[in-house]
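Participant: First the structure, then my questions, so here it is.
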Amino acid sequence: MKAARWASSTRTADENCKVAEVWRRQHRKKAMVLHFLLGCAVSAINIMVHALVTVAAVGVARSTGVRNTEWPRWHLMVVMVGTAATLMVAHMLEVFVWALAYAAVGAAPADSDLLYFAFVNYTTLGYGDITPVQAWRLIGPMTAMNGILLFGWSTAVLFEVLRKAVELRKSINFVGQAGRAAAD
C-alpha cells in the first residue's frame, strides 16, 4: 500500500496517520473526478439519444398535424399519444444506457437488478432498497440529474407538439372557411 511506503520508521504513529489520511483524500478526489467524468459522458450520450428521438418525433408530429381529417380531436389525440409513447421509449433507452454504465464500472452491489436500479435513480424515486457501492456513490445523483433534465425536455416537446398541432388545425379550419365563403 502506498500509504504504508510513505510511512517511515522515523515518523510517529500520529504522523503516519496524517500521511495516510492525506493519501486517502487525494485518492478520493481523483475517484470523484473520474465518477463525474463518467456521469457527464453517459449524460452526453443520453442527450444525443434524446435529441435524435425528439427530432424524429417532432418531424412526424408536424407532418401528421397538417393532414385534414374528419375527426380533428381524435387526430390530435393520436398525435399526442404517439409523441408521448416515442418519448417514453427514448427514456427507456436512456435508462438502459445508465444500466450498462453501472454494469461496466460495478456501481451497484453484486446480484443487483441494474435496470431497476437505473430506473429508480433516473426517475428520482430514491427507494433506497438498492444503493450504489460506496466507491460509486456520486453516480446515482448524476443519473437523477440527467433524468430530471430529460423529463423536462420531454415535457417541453409535448407542449410544443400540442401547440403546433392546435395552431395548424386552426389555420386549416380558417383556410377552409375562407374558401367556402369565397365560393358562396
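Participant: Test A135 against the criterion of being out of contact with any Ser or Thr (no Cβ under 8 Å at 6 or more places or on another chain) and touching a residue at least 40 places away in the same chain (Cβ under 8 Å), and give yes or no.
Facilitator: Details: out of contact with any Ser or Thr (no Cβ under 8 Å at 6 or more places or on another chain): yes; touching a residue at least 40 places away in the same chain (Cβ under 8 Å): yes.
It is true that A135 is out of contact with any Ser or Thr (no Cβ under 8 Å at 6 or more places or on another chain) and touching a residue at least 40 places away in the same chain (Cβ under 8 Å).
Participant: Another question about this same structure. Just name the residue that is farthest from T86 (Cα to Cα) out of those in segment 124-165 that are in a helix (DSSP H, G or I) and of a type in the set (V, I, T). Please lay out each step first, then the result.
Facilitator: First pass over segment 124-165, keeping only residues in a helix (DSSP H, G or I): 134-136, 139-165.
Within this subset, residues satisfying the condition of being of a type in the set (V, I, T) are 139, 143, 148, 155, 157, 161.
On the way: I139: 26, T143: 21, I148: 18, T155: 13, V157: 11, V161: 13 Å.
The extreme case among them is I139.
Participant: Residue by residue through segment 123-145, note down the ones that are of a type in the set (F, W, Y) and more than 11 Å from Y102 (Cβ to Cβ). Step through it out loud before you land on a result.
Facilitator: Applying the first criterion (of a type in the set (F, W, Y)) to segment 123-145 yields 127, 136.
The answer is Y127, and nothing else.
Participant: Considering each of R169, R137, R163, R180 in turn, give the residue that is in contact with a His (Cβ under 9 Å, 6 or more places away or on another chain), modelled with pLDDT under 90 and surrounded by fewer than 17 Cβ atoms within 10 Å (Cβ to Cβ).
Facilitator: Numbers: R169 fails: surrounded by fewer than 17 Cβ atoms within 10 Å (Cβ to Cβ); R163 fails: in contact with a His (Cβ under 9 Å, 6 or more places away or on another chain); R180 fails: in contact with a His (Cβ under 9 Å, 6 or more places away or on another chain).
It is R137.
Participant: Looking only at segment 1-58, which residues are of a type in the set (G, A, S) and either closer than 28 Å to L87 by Cβ or at pLDDT 65 or above (or both)?
Facilitator: In the first step, residues of segment 1-58 are kept if they are of a type in the set (G, A, S); the result is 3-4, 7-9, 13, 20, 31, 39, 41, 43-44, 51, 56-57.
Of everything in segment 1-58, those that are of a type in the set (G, A, S) and either closer than 28 Å to L87 by Cβ or at pLDDT 65 or above (or both) turn out to be A13, A31, G39, A41, S43, A44, A51, A56, A57.
Participant: Which members of segment 108-123 meet the condition of being modelled with pLDDT of 90 or more and either among the basic types (K, R) or assigned to a loop (DSSP other than H, G, I, E, B) (or both)? Talk me through it step by step, then tell me what you get.
Facilitator: We begin by selecting, within segment 108-123, every residue modelled with pLDDT of 90 or more; these are 113-123.
Selection gives D113, T123.
The values are calculated or read from the model by the stated rules, or taken from the named source; none is laboratory data. Predicted, not measured: the structure shown is a model, and the values here were computed from it. As a convention, Cβ positions derive from the backbone with ideal geometry for all residues, glycine included, and neighbour counts pool all protein chains shown.
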